[in-house]
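Chemist: Submitted below is the structure of interest, expressed as structure tokens.
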Amino acid sequence: MTNPETGLAVFGGTFDPVHFGHLKSASAVMDLLGLSRVKFVPSFVPPHRINPSSTPGQRLSMLRIATCADDTMQVDDREVSRQGVSYTADTLVSFRSELGAAVPLYFILGIDSYCTLNEWDRWRDLTDVAHLVVLDRPGCSQEIPDEVLDWSRSRLVDDPKDIRHLPCGTICLVSLVQVEVTATEIREMLKIGTRPTGKMPEKVIDFALEHGLYC
Ligand code: ATP
């Protein structure tokens, strides 16, 4: 059972593969918002990019290996089980119906994803069911589109403490741990036979190598 006083953070993405940018950011968000758990939700088919190089099952396995030693981190397979294109709007509605109306629900995304928000299906509905916690990310040079800026303005909050008593409805831009790593660079390193030490958990690297991923 989720503690209604703290709420639930959901971290969606392709996780192809999961890396320390995801894991350290998730911990930092939990600390910031006083949460006791975060759920990683890998997509089955991401709507805005070419299909991942690894299978949904392999991405789920890597997430499970990366989080198994930490009770606060859980992996949720609802997008993989649902199959088809994975829409965040559907996922957040399903979490909301499980949590009830009053429990805070936070959706974590990087600033690069936020810059493409207006391309997401039913993007304006997301704050009807969740807060958006937008992570600053090193090296992101994309601009937030005017349409997203206009829509965000009345929802933005400066201090995350102000949203901890609300179930949904706000957007918080945060600058927490700055982990300069991308899944793209990890895939490229593995492709040329370089071990991505320090960029993701060692056991996840071992899994990727054992399964010949990204070679
Ligand atoms: P790729 O390089 O394949 O595009 P990625 O590293 O961006 O992958 P995703 O699984 O696509 O990883 O990211 C899931 C979510 O995590 C996205 O919202 C993304 O913006 C965010 N994210 C990824 N890496 C970081 C990071 N280093 N710092 C903050 N947010 C991140």
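Chemist: Using +1 at the C-beta of Lys and Arg and -1 at the C-beta of Asp and Glu, which of HIS165, PRO56, THR184 has the Cα lying farthest in the positive direction of the dipole of the chain?
Modeler: PRO56
Chemist: In degrees from 0 to 90, rounded to the nearest 10, what is the angle of the helix 20-33 Cα long axis to the longest principal axis of the chain?
Modeler: Approximately 20 degrees, to the nearest 10.
Chemist: Let me ask you something else. Using the Cα centre of the chain as origin and beta-carbon charges of +1 (Lys, Arg) and -1 (Asp, Glu), tell me which of SER175, SER27, LEU149 is placed farthest towards the positive end of the dipole.
Modeler: Towards the positive end, the residue furthest out is SER27.
Chemist: Out of the DSSP beta bridges found with both residues in segment 8-210, what percent are antiparallel (nearest 5)?
Modeler: Within segment 8-210, antiparallel bridges account for around 0 percent of the total.
Chemist: What size of dipole, in debye to the nearest 20, comes out for segment 124-215 about its Cα centre when the only charges are +1 on Lys and Arg C-beta atoms and -1 on Asp and Glu C-beta atoms?
Modeler: Taking the Cα centre of segment 124-215 as origin, the dipole is about 300 debye.
Chemist: If you fit an axis through the alpha-carbon atoms of helix 88-99 and take the longest principal axis of the Cα set of the chain, what angle between them do you get, 0 to 90°, nearest 10?
Modeler: So the helix axis and the longest Cα principal axis differ by about 60 degrees.
Chemist: Give me the dipole magnitude in Debye, nearest 20, for the chain about the Cα centre, with unit charges on the beta carbon: positive for Lys and Arg, negative for Asp and Glu.
Modeler: It works out to roughly 420 debye.
Chemist: Ordered by packing density, taken as the mean number of other Cβ atoms within 10 Å over each peptide's residues, highest first, how do 148-159, 74-85 rank?
Modeler: For the peptides 148-159, 74-85, the packing ranking is 74-85, 148-159.
Chemist: Averaging sequence separations of C-alpha pairs under 8 Å and six or more residues apart, then dividing by the length of segment 8-210, give the relative contact order as a whole percent.
Modeler: Reported as a whole number, the value is 25 percent.
Chemist: Taking K and R as +1 and D and E as -1, what net charge do the other residues with C-beta under 10 Å from the C-beta of GLY12 add up to?
Modeler: My count for the surroundings of GLY12 gives -1.
Chemist: Expressed as a whole percentage, what fraction of the accessible surface of the chain belongs to carbon and sulfur atoms when a 1.4 Å probe is rolled over the protein heavy atoms?
Modeler: Roughly 50 percent, rounded to a whole number.
Chemist: Once phi is turned into ³J(HN,Hα) by the Karplus curve 6.51 cos²θ - 1.76 cosθ + 1.60 with θ = phi - 60°, what whole-Hz value does each residue of segment 192-204 show in order, with x for glycine and proline?
Modeler: Values, residue by residue: 9, x, 9, 6, x, 4, x, 9, 7, x, 4, 5, 6 Hz.
Chemist: If you don't mind, there's one more thing I want to ask. Find how much the distance from ARG82 to GLN178 grows on full extension, using 0.36 nm per residue of separation minus their present alpha carbon separation; answer in nm with one decimal.
Modeler: Roughly 31.3 nm would be gained on extension.
Chemist: Write down the Kirkwood hydrodynamic radius of segment 28-157, to one decimal in angstroms, obtained as one divided by the mean of 1/r over all alpha carbon pairs.
Modeler: 16.0
Chemist: Okay, moving on. Using amide H atoms built 1.01 Å from N in the peptide plane, name the residues 5+ places from VAL75, or on other chains, whose amide H lies under 5 Å from its own.
Modeler: PHE40
Chemist: Please list the non-local residues whose amide H lies under 5 Å from the amide H of LEU156, H modeled 1.01 Å from N, same-chain partners needing a gap of 5 or more.
Modeler: ILE171
Chemist: Follow-up. How large is the dipole of segment 13-115 about the Cα centre if only Lys and Arg carry +1 and Asp and Glu carry -1, each at its Cβ, rounded to the nearest 20 debye?
Modeler: It works out to roughly 100 debye.
Chemist: Let me ask something else. Check GLY12: other-chain or 5+ apart residues with amide H under 5 Å from its amide H, H built from backbone geometry?
Modeler: Counting only residues 5 or more places away or on other chains, the set is VAL41, ILE108.
Chemist: With a probe of 1.4 Å, find how much accessible area the chain has per residue, and write the answer as a whole number in Å².
Modeler: With all protein chains present, the chain gives 47 Å² per residue.
Chemist: Under 10 Å, Cα contacts only: if you run a Gaussian network model on the chain, which one of PHE95, PHE15, PHE40 comes out with the highest mean-square fluctuation?
Modeler: Taking springs between Cα atoms under 10 Å, the residue moving most is PHE95.
The values are calculated or read from the model by the stated rules, or taken from the named source; none is laboratory data. Model, not experiment: these values are computed from the prediction. Glycine gets a Cβ as well: all are built from the backbone with ideal geometry, and neighbour counts include every protein chain shown. SASA here: full protein model, heavy atoms, side chains in, ligands and nucleic acids out. Shrake-Rupley method; radii C 1.70, N 1.55, O 1.52, S 1.80 Å.
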